[in-house]
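Step one of this worksheet: look at the structure below.
The values are calculated or read from the model by the stated rules, or taken from the named source; none is laboratory data. Since we're looking at a predicted model, the values are computed, not measured. Methodologically, a virtual Cβ is constructed for each residue, glycine included, from the backbone with ideal geometry; neighbour enumeration extends over all protein chains shown.
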Amino acid sequence: MAEHSLPPSKETLDKGGQNLIYGIDDVPPTKEAVALGLQHYLTMFGSTVAIPLFMAAPLGLDKDPGQLAILIATMFFVSGVTTLLQTTLGNRLPIIQGGTFSILNPAIVVLTAGALQSQGFEFKMQHLQGAIILGGCIEIFFGYTGLIGKLLRFIGPVTIAPTIALIGLALFKFGAPTAGTDWLLGGLTIVFIILFSQVLRRKHRAFELYPIILAIGLVWLIATILSSTGYYSPGDKGYVDWSGVGDAPWARVPYPFQWGMPAFEASIFVAIFAGFLSSMIESIGDYYACARLSGAPVPTPEVINKGIGMEGVGSVIAGVIGTGNATTSYSENIGAIGLTRVGSRRVVQIGAMLMLFLGVFPKFGALFVSIPQPIVGGMYCALFGMIASVGLSNLQFVDLNSSRNLFIIGFAFFMGLSVPEYFGQNPVVIEGDWAWVANVVNTIGQTGMAVGALFASVLDNLIPGTEEERGIIAMQGGHG
């Protein structure tokens with residue numbers, strides 16, 4: 001692979017029909033690749049930081065910012081390791097690996113109920129680690145035995161479209177509600193991302209390549225100035241708080257079993273594994289979306305087997321080192337590929353090396369925690385919207401004049417949004433030894449993409465329809 005010294009050729013621009021600047025196998029010039037890799041880092045940091053922040057109170061770290069910064073750095077470090085493994089030995093798609101929100105709900109349930117509720121941080125983490133290691137081992141089995149690939153014959157565009165779209169749509173609570181806590185910063189972030197990525201992208205190469213970095217950096221600078229001049233006060237959503245940086249150590253290399261040896265408990269494992277199932281379904285959708293946007297061929301069962309298997313390896317690594325979470329593919333970075341039209345594998349690998357390097361400096365991770373949440377919310381509005389549209393683009397393969405397809409797609413979308421609301425208001429409650437069953441049902445029921453995928457796949461395989469009508473022939477041939 002030769003490095004580009006001139007603008008990409010027409011073949012590159014037209015690759016995969018995506019009008020890409022750089023395709024999956026292209027190697028941008030070093031300076032561009034580093035900046036683009038940093039952009040992927042910035043895109044994924046919001047979710048990576050959000051997971052330990054959500055887990056802080058259940059783990060007992062809400063009053064210990066120094067330890068929390070170490071946990072955040074560990075998340076970045078493991079994300080770098082697992083991304084390099086996925087892009088070199090796994091499915092080799094330009095896709096970031098990191099913590100999964102699918103694990104959050106069952107993890108919070110097991111940490112705040114029963115015997116773990118009154119225990120300390122390390123005790124809770126050890127039990128969480130055991131469940132994540134076991135879940136990762138089963139995910140390895142699903143992937144490397146080819147079991148997940150064999151299930152793909154039941155999954156066509158009618159299933160993939162709502163599953164991918166619901167990844168973005170189901171996260172609407174993290175978009176405008178977060179950006180709207182301060183619309184000055186959240187709104188500016190949205191406006192600048194649209195301005196740089198869509199309106200001005202042909203005016204200067206920087207706008208075309210780095211719209212997310214430019215938008216976040218500019219609004220972060222504005223927030224810093226407004227905080228220093230007194231417009232924002234401590235406690236305001238737009239206030240830039242640097243105090244966490246001082247509490248974090250300068251350097252620390254995460255190491256195996258840093259919180260102690262893992263503990264294995266069946267009831268905790270079963271609840272956590274429900275999150276693994278949702279994560280695998282989401283990842284399959286992510287592979288298709290990433291391949292489409294990066295100009296890669298449609299993922300084969302072998303590619304998906306390798307991807308899921310390597311995510312299992314990543315989850316075992318996450319459990320051994322102790323992130324308190326598993327590993328999955330990040331939708332945010334797929335959205336970044338769509339906005340920047342840069343699908344280079346090398347760019348993501350450089351981003352992974354940045355995560356690995358910066359993961360040993362907790363102060364650097366604490367620095368990014370200072371970015372106000374309204375800015376992160378504004379970024380989510382643009383990126384998750386892109387994911388939803390990528391999901392919808394898979395419908396080009398199916399016959400949209402078919403009432404069969406229209407019913408299945410619409411029903412899957414509606415149930416994927418409606419069922420989680422029902423389970424949120426009416427969770428299943430089972431007392432005694434079978435309480436873990438309720439945890440499993442509630443976790444799946446509250447995961448929109450899992451619900452949508454379940455209804456779409458079952459109906460698509462039960463209701464009669466030709467393979468051409470269902471879009472399977474067109475998808476497998478890569479047409480469109």
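All of (1) surrounded by fewer than 23 Cβ atoms within 10 Å (Cβ to Cβ); (2) farther than 20 Å from residue 41 by Cα; (3) not small (Gly, Ala, Ser) hold for residue 304 with one exception: (1). Quick check: is even one residue across the stretch 122-135 within 30 Å of residue 469 (Cα to Cα) and surrounded by fewer than 16 Cβ atoms within 10 Å (Cβ to Cβ)? So far as the stretch 122-135 goes, no, none of its residues is within 30 Å of residue 469 (Cα to Cα) and surrounded by fewer than 16 Cβ atoms within 10 Å (Cβ to Cβ).
Being more than 30 Å from residue 214 (Cβ to Cβ), within 21 Å of the chain's Cα centre (by Cα) and of a type in the set (Gly, Ala, Ser) is a property that does not hold for residue 474.
Screening the stretch 271-294 for residues that are more than 15 Å from residue 446 (Cβ to Cβ) and aliphatic (A, V, I, L, M) and picking the one that is surrounded by the most Cβ atoms within 10 Å (Cβ to Cβ) gives 289.
Scanning the stretch 51-71 for residues that are among the small types (Gly, Ala, Ser), surrounded by fewer than 21 Cβ atoms within 10 Å (Cβ to Cβ) and part of a helix (DSSP H, G or I) yields 56, 57, 66.
Under the condition of being surrounded by 14 or more Cβ atoms within 10 Å (Cβ to Cβ) and small (Gly, Ala, Ser), the residues counted in the stretch 239-270 number 4. The condition of being surrounded by 24 or more Cβ atoms within 10 Å (Cβ to Cβ) and either among the β-branched types (Val, Ile, Thr) or in a helix (DSSP H, G or I) (or both) holds for residue 74.
Yes or no, residue by residue, for (1) in contact with a helix residue (DSSP H, G or I) (Cβ under 6 Å, 6 or more places away or on another chain); (2) under 30 Å from residue 339 (Cα atoms); (3) of a type in the set (Lys, Arg):
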| site | (1), (2), (3) |
| --- | --- |
| 223 | yes, yes, no |
| 247 | yes, no, no |
| 250 | yes, no, no |
| 260 | yes, no, no |
| 266 | no, no, no |
| 277 | no, yes, no |
| 288 | yes, yes, no |
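The condition of being surrounded by 16 or more Cβ atoms within 10 Å (Cβ to Cβ) and of a type outside the set (Phe, Trp, Tyr) holds for only one of 405, 401, that being 405. Each residue in the stretch 175-227 was checked for being part of a helix (DSSP H, G or I), under 30 Å from residue 31 (Cβ atoms) and either of a type in the set (A, V, I, L, M, F, W, C) or touching a residue at least 24 places away in the same chain (Cβ under 8 Å) (or both), and 29 pass. Within the stretch 143-174, the set of residues being outside any helix (DSSP H, G or I), small (Gly, Ala, Ser) and at pLDDT 85 or above comprises 146 only. Taking the residues in the stretch 219-238 that are of a type outside the set (A, V, I, L, M, F, W, C) and closer than 20 Å to residue 193 by Cβ as candidates, determine which candidate is surrounded by the most Cβ atoms within 10 Å (Cβ to Cβ). Out of the qualifying residues, it is 238. Can you name every residue in the stretch 418-440 that is at pLDDT 90 or above and within 25 Å of residue 335 (Cα to Cα)? Once the filter is applied, which keeps residues that are at pLDDT 90 or above and within 25 Å of residue 335 (Cα to Cα), the stretch 418-440 yields only 418. Residue 318 - would you say it is aliphatic (A, V, I, L, M), buried (at least 24 other Cβ atoms within 10 Å of the Cβ), modelled with pLDDT under 85 and not in a loop (DSSP other than H, G, I, E, B)? When the stated conditions are applied, residue 318 does not pass them.
Of the residues making up the stretch 206-235, those that are over 12 Å from residue 372 (Cα atoms) and of a type in the set (Phe, Trp, Tyr) are 207, 210, 231.
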